[in-house]
Number of protein chains: 2
Amino acid sequence: MPEPLDKGTPTVRGFKAAAVASGLKKVHGPDLALIVSERAATAAGVFTSNKVKAAPVILSRKNIQNGRATAIIANAGNANACTGNPGLADTERTADLVGKALGISPDEILVASTGVIGQRLDMDKIRSAIPELRETLTSEGIPMVAQAIMTTDSFPKISRFDGMAEKRPYRILGLAKGAGMIMPNMATMLCFILTDIQIAPDTLRQALSVSTEKTFNRISVDGDTSTNDMVLMLANGMAGNTALREEDHARFQEGLTGVMEDLARMIVKDGEGATKLVDVVINNAHSAEDALNAAKTVANSSLVKTAFYGQDPNWGRIMAALGRADVDMDETHVDIRVNDVQIVSGGLGSGEEAEKQAAEIMTRKEFVLSIDLHRGSHRDHIVTCDLTHEYININADYRT
Amino acid sequence: MPEPLDKGTPTVRGFKAAAVASGLKKVHGPDLALIVSERAATAAGVFTSNKVKAAPVILSRKNIQNGRATAIIANAGNANACTGNPGLADTERTADLVGKALGISPDEILVASTGVIGQRLDMDKIRSAIPELRETLTSEGIPMVAQAIMTTDSFPKISRFDGMAEKRPYRILGLAKGAGMIMPNMATMLCFILTDIQIAPDTLRQALSVSTEKTFNRISVDGDTSTNDMVLMLANGMAGNTALREEDHARFQEGLTGVMEDLARMIVKDGEGATKLVDVVINNAHSAEDALNAAKTVANSSLVKTAFYGQDPNWGRIMAALGRADVDMDETHVDIRVNDVQIVSGGLGSGEEAEKQAAEIMTRKEFVLSIDLHRGSHRDHIVTCDLTHEYININADYRT
């Protein structure tokens, strides 16, 4: 588990950041951010599985291939997706401009974008903003980045882990933006993780993949995946350890998972219009695949999600969702609980008193819906949110 | 295409029906309905693919196995699903009571239920209501059945086809209820189709299956399938043809598809909270499976459906949905149209003027969203609706 965080400004040795208002967002505010490592960092990334990939996804995947990167430039307000070759050229031009400003090769720049799909980036705005970005770089600038990459997010998302490797302290600092279009795989639209640990590229890649699978690939807001999702991780080695040793690995992995879990849950909490965070847990499924499928189907059911919103332990909808999840099940062996209150036993309702207690629990902002299939020993979960009037407000009006 | 319908009361030779207010619905009104054929009819059914099957689904599947049935008893207000063996016994008891009242074997009775899941039927109410049901049976009672089986429906759904076989007129009359929990496969919650044609059980079964695949299995409201979905069809042979001949078959199939298509579209139009009916058409997919998958993914995307509601030709969301549909595609070859207005050409937006025109079309109650993948020659479609504030209202408050 992450150690208690100090209350100071979140910084990581050797990283500077800045954010400016370039005018890309419709509402004026910081919308262009830059993160720079003092020295070239070991880098790893996880990218959207959507077949429609935004230009920055294409470029950043290419640039991170060699396991090295120095800076991340990120904008909100425009996703630079479905913009074809001109859009890709815009992303390349952005990397060029940043590279020139920092005096490094454009290959060492990663680019991330989030916002509306299908519109060309206003390159003049980006070009004009880069000098100010460079001039305002500061080791205390990371929270501003978390702010600048927000779109429909209502709060910036930052999490941190402090660990020790070879008796030297290191830090993992993560920031993310999310809100809508969240579903495995991938989950968050953008997540940047900075650490000063020294680590080999393959080890970093493997560690990031393991933690992603447990965290961002276990959340869902509306079942849609984005064209722009990416997790980028930079490790600049300035903690002074020689390289991550076997004995420090487990703790590092745990810390990374903790940070990403934290961010993933924040994203669901801030899901578009969400008022409740619900852990949908499947126990004792016949196979690992069944456990995940059942969790996803229940967690993505519009009828189940509106029942969460209505604070209604409407287990019939949960049973109906399980029934179409294409998993091995026998309805007469299904148990369902809301936190510790059992509302279904052997496929039958546990009665009004239990439902009343469950409804009471469902007034809370967080609760656990656990389903026992009694068909094996596999377990999985999805963190989801409710489906609300506000989701409709946000998404019916997002562009207009 | 169905012939023009006369404006009289919809009747079918040899069928009588009635509906009464038994008290099963929370709001007082007709909620128990009976349809009886003068003679044992040839019967076929299509049932939910959900693994959680309501008691009436289990019983009706069994009773229709031999291709024969005489009556349908249907209730709204209680789905008799997730009620275990006691629930199954209630359904059997219902068939017994109806059989006794009509003087026929309970094996000839089909039972259908719709409403809340997980509560036992109030058998006293059903028992008390059956004498009145029997006494009020009339050949003009079918519209009352369509009324009685409504739950969150806002209007009763009836469609009719008049045809000729061996120069003898016959009729196909369909009624349905739908609204929420609609997705292939199966779509409608309940649909009853009555005809006086003479037809062999295997031919009827085959015809019903073909028409279901083209109609009810091509609609979607919220991606949830119900535990109670069923289509029941009775053919009592009273039209006087000797049996459906080869030369009359195509016309009969066409008529049946027309009636079911009509009902299926009414169900989507009446989708919970829906304000728009949208045909999502996929053209030139690499395979039949790809065409259907792409149509389903776009038609079920919450982000696309809220954009319909917002009358926003937000094609980026459509591209993103296609990208996660797991179909063969190249984003630079995708064209998208709203009716005849092209908004995407080769994966790129067609500009503001086109979007303005498309937005204008999207203010209508019905339009077609067609997507050309240019990867082959397969085509499919899903009829869907928008996702609205009213959907949330209905489903957050359905039980409470």
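Please count how many residues of the stretch B:236-249 are small (G, A, S) and buried (at least 20 other Cβ atoms within 10 Å of the Cβ). Full working, then the answer.
First, pick out the residues of the stretch B:236-249 that are small (G, A, S): B:237, B:239-240, B:243.
Still in the list and also buried (at least 20 other Cβ atoms within 10 Å of the Cβ): B:237, B:239.
Of the residues in the stretch B:236-249, 2 are small (G, A, S) and buried (at least 20 other Cβ atoms within 10 Å of the Cβ).
Given the structure, is A:G45 assigned to a loop (DSSP other than H, G, I, E, B), of a type outside the set (K, R) and assigned by TED's automatic domain parsing to the domain that holds A:N217? Judged against the criteria, A:G45 is not a match.
Evaluate the stretch B:326-333: report whether one residue or more is surrounded by 22 or more Cβ atoms within 10 Å (Cβ to Cβ), within 23 Å of the chain's Cα centre (by Cα) and within 8 Å of another protein chain (Cβ to nearest Cβ). Within the stretch B:326-333, none of the residues are surrounded by 22 or more Cβ atoms within 10 Å (Cβ to Cβ), within 23 Å of the chain's Cα centre (by Cα) and within 8 Å of another protein chain (Cβ to nearest Cβ). Quick one: would you say A:S211 is polar (S, T, N, Q), buried (at least 24 other Cβ atoms within 10 Å of the Cβ) and away from chain B (no Cβ under 14 Å)? Against the criterion (polar (S, T, N, Q), buried (at least 24 other Cβ atoms within 10 Å of the Cβ) and away from chain B (no Cβ under 14 Å)), A:S211 qualifies. For the stretch A:250-268, filtering for residues that are crowded, with 23+ Cβ neighbours inside 10 Å and in contact with a Pro (Cβ under 7 Å, 6 or more places away or on another chain) leaves 2.
All conditions in (1) under 28 Å from the mean Cα position of the chain (by Cα); (2) buried (at least 19 other Cβ atoms within 10 Å of the Cβ) hold for A:N284, with the sole exception of (2). Of all the residues in the stretch A:135-171, those that are over 19 Å from the mean Cα position of the chain (by Cα), surrounded by fewer than 19 Cβ atoms within 10 Å (Cβ to Cβ) and closer than 25 Å to A:T114 by Cβ number 6. Among the residues of the stretch A:224-255, just one is within 17 Å of A:T212 (Cα to Cα), under 19 Å from the mean Cα position of the chain (by Cα) and without any contact (Cβ under 8 Å) to a residue 60 or more places away in the chain, namely A:Q253. State all residues of the stretch A:98-116 that are aliphatic (A, V, I, L, M) and either over 22 Å from A:G29 (Cα atoms) or not assigned by TED's automatic domain parsing to the domain that holds A:S209 (or both); if no residue qualifies, say none. Across the stretch A:98-116, the qualifying residues are A:A101, A:L102, A:I104, A:I109, A:L110. The set of residues from the stretch B:289-306 being facing chain A (nearest Cβ under 7 Å) and under 19 Å from B:E355 (Cα atoms) comprises B:L303, B:T306.
For the condition touching a residue at least 40 places away in the same chain (Cβ under 8 Å), over 19 Å from B:L208 (Cα atoms) and within 14 Å of another protein chain (Cβ to nearest Cβ), what is the one hit in B:A19, B:A55? Quick ask: steps written out before the conclusion?
Values: B:A19 fails: within 14 Å of another protein chain (Cβ to nearest Cβ).
Answer to the selection: B:A55.
Could you grab me the full set of residues in the stretch B:367-391 that are out of contact with any Asp or Glu (no Cβ under 9 Å at 6 or more places or on another chain) and within 12 Å of chain A (Cβ to nearest Cβ)?
At the first step, the residues of the stretch B:367-391 found to be out of contact with any Asp or Glu (no Cβ under 9 Å at 6 or more places or on another chain) are B:377, B:379, B:386, B:389.
Residues satisfying the conditions are B:D386, B:H389.
Here A:F15, A:F47 are screened, and the one residue that is among the aromatic types (F, W, Y), at negative phi and at pLDDT 95 or above is A:F15.
Yes or no: B:S350 among the hydroxyl-bearing types (S, T, Y) and closer than 18 Å to B:V280 by Cα?
Working: among the hydroxyl-bearing types (S, T, Y): yes; closer than 18 Å to B:V280 by Cα: no.
Answer is no for this residue.
Apart from one condition, B:G349 fits all of (1) within 13 Å of chain A (Cβ to nearest Cβ); (2) within 29 Å of the chain's Cα centre (by Cα); the exception is (2).
Scan the stretch B:338-345 and tell me whether some residue there is closer than 25 Å to B:A264 by Cβ and surrounded by 19 or more Cβ atoms within 10 Å (Cβ to Cβ).
Initial filter on the stretch B:338-345 (closer than 25 Å to B:A264 by Cβ): B:338-340.
Pick out the ones that are also surrounded by 19 or more Cβ atoms within 10 Å (Cβ to Cβ) and you get B:338.
Checked the stretch B:338-345: at least one residue is closer than 25 Å to B:A264 by Cβ and surrounded by 19 or more Cβ atoms within 10 Å (Cβ to Cβ).
Elements of the type helices (runs of 4 or more DSSP H) sitting completely within the stretch A:245-357 and holding at least 1 residues that are assigned by TED's automatic domain parsing to the domain that holds A:P201 and out of contact with any Ser or Thr (no Cβ under 7 Å at 6 or more places or on another chain): these cover A:246-269. Within the stretch B:76-103, being within 12 Å of chain A (Cβ to nearest Cβ), more than 21 Å from B:Q147 (Cβ to Cβ) and touching a helix residue (DSSP H, G or I) at 6+ places or on another chain (Cβ under 7 Å) holds for B:A81, B:C82, B:T83, B:G84, B:G87, B:L88. The numbered conditions (1) assigned to a loop (DSSP other than H, G, I, E, B); (2) facing another protein chain (nearest Cβ under 8 Å) are all true for B:R364 except (2). Among the numbered conditions (1) closer than 20 Å to A:M230 by Cβ; (2) in contact (Cβ under 8 Å) with a residue 12 or more places away in the chain; (3) within 24 Å of the chain's Cα centre (by Cα); (4) not in a helix (DSSP H, G or I), the only one that A:P10 does not meet is (1).
Answer yes if at least one residue in the stretch B:308-320 is touching a strand residue (DSSP E or B) at 6+ places or on another chain (Cβ under 6 Å), buried (at least 24 other Cβ atoms within 10 Å of the Cβ) and away from chain A (no Cβ under 12 Å), and no otherwise. No, the stretch B:308-320 contains no residue that is touching a strand residue (DSSP E or B) at 6+ places or on another chain (Cβ under 6 Å), buried (at least 24 other Cβ atoms within 10 Å of the Cβ) and away from chain A (no Cβ under 12 Å). Just one of the listed residues (A:K167, A:K125) is assigned by TED's automatic domain parsing to the domain that holds A:A76 and at pLDDT below 95, and it is A:K167. Of the residues that make up the stretch A:104-113, is at least one under 30 Å from B:M319 (Cα atoms), modelled with pLDDT under 95 and within 14 Å of chain B (Cβ to nearest Cβ)? Yes; the residues of the stretch A:104-113 include at least one that is under 30 Å from B:M319 (Cα atoms), modelled with pLDDT under 95 and within 14 Å of chain B (Cβ to nearest Cβ).
The values are calculated or read from the model by the stated rules, or taken from the named source; none is laboratory data. These numbers come from a predicted model, not from an experiment. Heads up, the Cβs are rebuilt from the backbone with ideal geometry, glycines too, and the neighbour counts pull from every protein chain shown.
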